[in-house]
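Here is the structure we will look at, set down as structure tokens.
Read-outs: derived from the displayed coordinates by stated rules, not from any lab. All figures in this text were calculated on a predicted structure; none of them were measured in a lab. When we count neighbours, we look across all protein chains shown, and the Cβ atoms used for this are built from the backbone with ideal geometry, even at glycine.
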């Protein structure tokens, strides 16, 4: 075996055919990192001139002229091959040290232990605890999940070999009903162009301010568009509602209830049904009035409800970012946008729809459990990755950690 620096072309070829491939390890990400001051190296292991392991390494200068190294979702390797992992790690330690590095971070795209819909461990399911043990034996230190840079807990839905009808049938009843309602009331999903990305950004900013999370700048979404859109590997969507059409649907629904009410006799046993119908009509009237007020306030009958960003790099569709205008959350348009992308995944040969991040240890009902509840309605399964690890390279590692601790 031979440790070598790879050309970007060599790395890309290996990445494109590797089972651990994901967007974070795509060569395009190096262009994004470069704008934040990171340098990039492509390294690997060859055997008989054939690449058998690879990693994209980013480095950035920290204190004392020392460099932090990071391999996003790295390595691309058979983690069950302990001999290969050990060889690659030892060679990387030498490489990073030669480049004045003090630490190497990795967060492999590897499942820790297989989990089910509820986040419970599946007995006799996939189990990669031995991979973690091996990394620790090689000197890696586990980073607490709350400090990991990338998502560790996800929720996914298998698409391979399934039809739209099968997936729809397997969803939770409420999720299926919400999708049907959004379709019935005329909510539409629109893919937006580069010049419209500010519409998506505005939704994200409003959502971030409401929920207390930091939103990326418009330039990030623009750069991701430039890097991935020509290959259909990133798509941005917004949902819209034509309130004129919505009001017509509501009026149609109200008439059906009026007709049903009029068909009931004055018999005492119909009192309950009449009361329910009157309450339902009052609720419809309220929605109609609110819609008319919205049209008057906005000066338009079409309103923007929500936005989402998806990465589409086989084998998976990844639901990366999303937001909703608070006043329009009642329309539940995110159900429709997920359904549209699930259908897209089936039609285009994707194996998995990855709803991406959920809170850690979901079976313990942590904060923000509602995020998981929304995704859970599509009836997939929880995925826990093995997480992030740090490999100390020089004594500066402890010093850097002390500085970070002092600074808070």
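Below, the figures for the structure above:
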{"read-out": "Packing rank of 164-172, 117-125, 258-266, 216-224, where each peptide gets the mean count of other beta carbons within 10 Å, highest leading", "value": "216-224, 164-172, 117-125, 258-266"}
{"read-out": "Label-point gap, in nm, between residue 63 and residue 147 - each point 7 angstrom along Cα→Cβ", "value": "1.4 nm"}
{"read-out": "Ranked packing of 30-39, 375-384, most packed first, by mean Cβ within 10 Å", "value": "375-384, 30-39"}
{"read-out": "Along principal axes, Cα extents of the range 42-134, largest first, whole Å", "value": "47, 38, 19"}
{"read-out": "Cα long-axis angle, helix 333-347 against the chain (0 to 90 degrees, to the nearest 10)", "value": "60 degrees"}
{"read-out": "Diffusion constant of the range 115-229 at 37 °C, which comes from Stokes-Einstein with the Kirkwood Cα-pair radius and 0.692 mPa s, µm²/s", "value": "170 µm²/s"}
{"read-out": "Theoretical gain in end-to-end length, residue 280 to residue 39 [0.36 nm per residue, Cα-Cα removed]", "value": "80.7 nm"}
{"read-out": "Diffusion coefficient, µm² s⁻¹, Stokes-Einstein with Kirkwood Rh over alpha-carbon pairs of the range 1-89 at 10 °C and 1.306 mPa s", "value": "118 µm²/s"}
{"read-out": "From the coordinates shown, Rg/Rh (Cα atoms, Kirkwood Rh) corresponds to which of (i) 0.96; (ii) 0.98; (iii) 1.06", "value": "(iii)"}
{"read-out": "Helix 271-298 vs. the chain, principal-axis angle (Cα, 0 to 90°, nearest 10)", "value": "60 degrees"}
{"read-out": "Compactness of the range 251-366 as Cα Rg over 2.2 N^0.38 Å, two decimals", "value": "1.58"}
{"read-out": "Beta bridge orientation in the range 25-174: antiparallel %, DSSP, nearest 5", "value": "75 percent"}
{"read-out": "Burial order of peptide ranges 95-104, 77-86 (average beta-carbon count within 10 Å, highest first)", "value": "95-104, 77-86"}
{"read-out": "Rg/Rh for the range 245-296, where both radii come from Cα atoms and Rh is the Kirkwood radius", "value": "1.09"}
{"read-out": "Helix-only [θ]222 nm of the chain, DSSP H runs n ≥ 4, -39500 (n - 2.57) each, per residue, nearest 500", "value": "-13500 deg cm²/dmol"}
{"read-out": "Folded to 0 to 90 degrees: helix 218-228 orientation relative to the chain principal axis, Cα", "value": "70 degrees"}
{"read-out": "Rg/Rh (Cα only; Kirkwood hydrodynamic radius) as it applies to the range 347-408", "value": "1.19"}
